[in-house]
Amino acid sequence: MFDLLIVAATLLCALQAIRSPRLLMSALWLASASALTALLMYLLGAPEVAVIELSVGAGLVTVLFVFAINIAGEEVADLRALVPRPLAWLAALGAMGLGAWMAIPGLRAPGGPLPEPAFAAVLWEQRGLDVLLQVVLIIGGVLGVLGLLAEGRAHVRKEKQS
């Protein structure tokens, strides 16, 4: 039950990070989501990954975001997304479905034990949720970079119009 509360709080923080109109508040919401993700990883039995997520995700990345926001300012730009909204929703729902499939044991087909654990078995059966969380973080980073590239194009267009 406690795990579900952490997941719900993480999703709430992530949604607030997306919806926040101010960049600084968005960075703080993102740091909260990262800290809750680190707590969830610790509770799932991956303390090493949790420490890395907490120090890098909630610590270093937040410091870099706040530093960049203070240098660049919080100008609001009228940007068009590079990723179409239906594709973004499809990717998000697919990631949530994959997470549910891996996290909820009843959704998976029962399988017999392997005679000796193969790499894939160790990776996906014993550490599956950890790997999935890292994949979600990588996808989020890629989408963030795409957003930054879109912002760069908007500034280039404005300079050409001037």
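Here, each number is a calculation from the coordinates, and none is a lab measurement. Since we're looking at a predicted model, the values are computed, not measured. Reconstructed Cβ throughout: ideal geometry from the backbone, glycine too, with neighbour counts over all protein chains shown.
A few notes on this one:
- Arranged from fewest to most other beta-carbon atoms within 10 Å of their beta carbon, MET96, MET41 become MET96, MET41.
- Simple spin-label estimate for VAL135 and LEU87 in nanometres, 7 Å along Cα-Cβ: 1.9 nm
- Cα gyration tensor category, rounded, prolate or oblate, for segment 1-93 with a/c compared to 1.5: oblate
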